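Reading through the structure tokens given below for one structure.
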């Protein structure tokens, strides 16, 4: 069976860490990463977003644990000039936060679906395949 490849937004990872709506679906995807069935790709910008949200809501100790964990669950993608330019193009389209533009840019560049539950991404569905968290299996 071929390995499934996804880009992932910060929102589903934060939902998993905080046990918010649909956290079990991301938990299943994370478990699949440990079996080599799925790869979750996360930009460094979106990793920073996960860490910031975790520290803000759950404290520095949990944020530190999150740094360690997300490196095990995801393939972290450094942002280069090409990816930044693509993110800028998404920002010019409007209606999406700059950090979210990097997740969209990664999915767009690599031609892979983006896992998210953030409704802002409806603005980019015409050019990015979205794997909505509420229906992600």
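Assorted remarks:
- The selection criterion, being surrounded by 14 or more Cβ atoms within 10 Å (Cβ to Cβ) and at pLDDT 95 or above, holds for residue 115.
- First in the stretch 59-79 and under 13 Å from residue 46 (Cβ atoms), second anywhere and not in a helix (DSSP H, G or I), Cβ under 6 Å, 6 or more apart: 74/40; 74/42; 75/39; 75/41; 76/42; 77/41; 77/43; 79/43
- Within the stretch 118-137, the set of residues being surrounded by fewer than 19 Cβ atoms within 10 Å (Cβ to Cβ) and in a helix (DSSP H, G or I) comprises 119, 120, 122, 123.
- Flag for residue 51 being within 18 Å of residue 4 (Cα to Cα) and either within 14 Å of the chain's Cα centre (by Cα) or assigned to a helix (DSSP H, G or I) (or both): no
- Residue tally, condition more than 18 Å from residue 26 (Cα to Cα), touching a residue at least 12 places away in the same chain (Cβ under 8 Å) and out of contact with any strand residue (DSSP E or B) (no Cβ under 8 Å at 6 or more places or on another chain), over the stretch 106-123: 4
The values are calculated or read from the model by the stated rules, or taken from the named source; none is laboratory data. Values in this document were obtained by computation on a predicted structure and should not be read as measured data. Neighbour counts run over all protein chains shown; Cβ positions are idealised from the backbone, glycine included.
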